Amino acid sequence: MALSPSEWRILRELAELTAAEDPDYVQRLATFGGHEPGEAVLPDRGRGLVPVVAAGALVVLGFAATAVAVAAFEAAGGRRRASSGRFRR
């Protein structure tokens, strides 16, 4: 979504006021520049790593949830219900 000319004017005024009040802050912010809005902040090699790490974390959480469920089942007595025989051959 593009900014209107009046919004750009307001942003420029805020930048000028900030620069006048605290030039050190503006200098520190300038060191973080160098990318276009909407561009990913991660370097190219890190972009492919994020989904792999997320998938790994989900697998680990799944195993942990299963272990907790099994431990809770066994702590509750771990009794199996009698089979109704419906699925026996």
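Each reported figure results from applying straightforward, stated rules to the coordinates on display, with no laboratory input. All of these numbers come straight from a predicted model, not from anything done at the bench. In this analysis, Cβ positions are derived from the backbone assuming ideal geometry, glycine residues included, and neighbour counts consider all displayed protein chains.
Key figures
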item: Two-site FRET efficiency, residue 52 against residue 72, from Cβ-Cβ distance with R₀ of 30 Å, rounded to 0.05; result: 0.45
item: J(HN,Hα) series, the range 15-27, from Karplus relation 6.51 cos²θ - 1.76 cosθ + 1.60, nearest Hz, glycine and proline x; result: 5, 5, 5, 5, 5, 6, 6, 9, x, 5, 4, 4, 5
item: Residue 15 versus residue 3: modelled label distance in nm, points set 7 Å from Cα along the beta carbon direction; result: 0.7
